[in-house]
1. Which residue pairs have Cβ atoms closer than 8 Å, lie 6 or more positions apart in sequence or on different chains, and pair a first residue in segment 197-215 that is closer than 18 Å to GLU226 by Cβ with a second residue that is acidic (Asp, Glu)?
2. State which residue is farthest from the chain's Cα centre (by Cα) when the search covers only segment 149-180 and only residues that are open to solvent by less than 60 Å² (accessible area, probe 1.4 Å) and within 16 Å of ALA216 (Cβ to Cβ).
3. Among ASP59, ASP55, which is the only one that is at positive phi, assigned to a strand (DSSP E or B) and in contact with a strand residue (DSSP E or B) (Cβ under 7 Å, 6 or more places away or on another chain)?
4. When you scan segment 235-245, how many residues do you find that are under 23 Å from ALA52 (Cα atoms) and open to solvent by 70 Å² or more (accessible area, probe 1.4 Å)?
5. Looking at (1) modelled with pLDDT of 95 or more; (2) open to solvent by less than 30 Å² (accessible area, probe 1.4 Å); (3) over 20 Å from ILE60 (Cα atoms), which is the only condition PRO131 fails?
6. Return the residues of segment 76-119 that are hydrophobic (A, V, I, L, M, F, W, C), open to solvent by 40 Å² or more (accessible area, probe 1.4 Å) and touching a helix residue (DSSP H, G or I) at 6+ places or on another chain (Cβ under 7 Å); say none if nothing qualifies.
7. Take the residues of segment 208-231 that are among the hydroxyl-bearing types (Ser, Thr, Tyr) and out of contact with any Gly (no Cβ under 8 Å at 6 or more places or on another chain): which is surrounded by the fewest Cβ atoms within 10 Å (Cβ to Cβ)?
8. Please specify each residue of segment 230-262 satisfying the condition of being in contact with a Lys or Arg (Cβ under 6 Å, 6 or more places away or on another chain) and within 24 Å of LYS219 (Cα to Cα).
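The values are calculated or read from the model by the stated rules, or taken from the named source; none is laboratory data. In this text the structure is predicted, and so the values were computed from the model without any measurement. All Cβ positions, glycine included, derive from the backbone under ideal geometry; neighbour counts span all protein chains shown. Please note that ligands, DNA and RNA were not included when accessible areas were found on the heavy atoms of the full protein model with its side chains. Shrake-Rupley method; radii C 1.70, N 1.55, O 1.52, S 1.80 Å.
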Amino acid sequence: MEQFSAAGAERGQMPASMMTTPTVKSSAGSLVSAATKVSARDVNVFYGDKQALFDVSLDIPDRSVTAFIGPSGCGKTTFLRCINRMNDTIDGCRVQGTLQIEGKDAYAKNVDPVVLRTRVGMVFQKPNPFPKSIYENVAYGPRIHNMAKSKADMDVIVEKSLRRAGLWEEVKDRLAQPGTGLSGGQQQRLVIARTVAVNPDVILMDEPCSALDPIATAKIEELIDEMRENYCIIIVTHSMAQAARVSQKTAFFHMGKLVETGPTEEIFTNPRDSRTQDYITGRFG
């Protein structure tokens, strides 16, 4: 079985077997839908002796936005970081269970986490452009993965990525200027352009609008809605309104456990669990 190979990343492509969405069997034996992009079964996370996640099982669909909601410290960011193995960088962190991307084990011994993270991009809470030009911010990933054979090829990748991030028209005449000189909202869109430049399959967003003003937030939300046609997007947000606006599926976490998940409209209008109802209505959190 092909895994997340370095060769695939160098070509800027997934291995052929990763470009399909086959129906696979989960570790529990049930069939996972062909539309499922990320599948977790019985995921537990420990920081030393402290357990942060308890038996999380969740299927995340492709070409849609899934929102993780819940009070601070409930485990939603911890689970998000399991998907691209960012928790590997934390001393004493252990992840148990099964986590697959398109049926491939993300934690298999022959999976290079660095290569995996090119397939599973991440946008953080605070915009973090590199101290480089706007052009070089976007070109950085494609360059280290040998995705462009010439300057012309790289120009195409940079323009396409900036267009996907809704930023091209605003920066096309100042590509040589520092990315850090952009406004906060523009910096976040530049980070998104940098993320999509390496053709990821999944985009993780951890509170991507929390540091932005309402106008910049609205632009990012419009961009997320456009991008879901091509990507599996998973967003952690404390904003109930944002989750309702941008997502098609919502997962509610509480005290390290996945309480319930389902279509966003149902979660917000007819939750099955009283804890979800209490959180959405502001009784706690």
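1. Pairs that qualify, where the first residue is closer than 18 Å to GLU226 by Cβ and the partner is acidic (Asp, Glu), are ASP201/GLU102; CYS209/GLU221.
2. Applying the filter and picking the extreme gives VAL171.
3. ASP55
4. Residues in segment 235-245 being under 23 Å from ALA52 (Cα atoms) and open to solvent by 70 Å² or more (accessible area, probe 1.4 Å): 1 in total.
5. Only one criterion in (1) modelled with pLDDT of 95 or more; (2) open to solvent by less than 30 Å² (accessible area, probe 1.4 Å); (3) over 20 Å from ILE60 (Cα atoms) is unmet by PRO131, namely (2).
6. The answer is VAL95, and nothing else.
7. The extreme case among them is SER210.
8. Residues satisfying the conditions are CYS232, VAL236.
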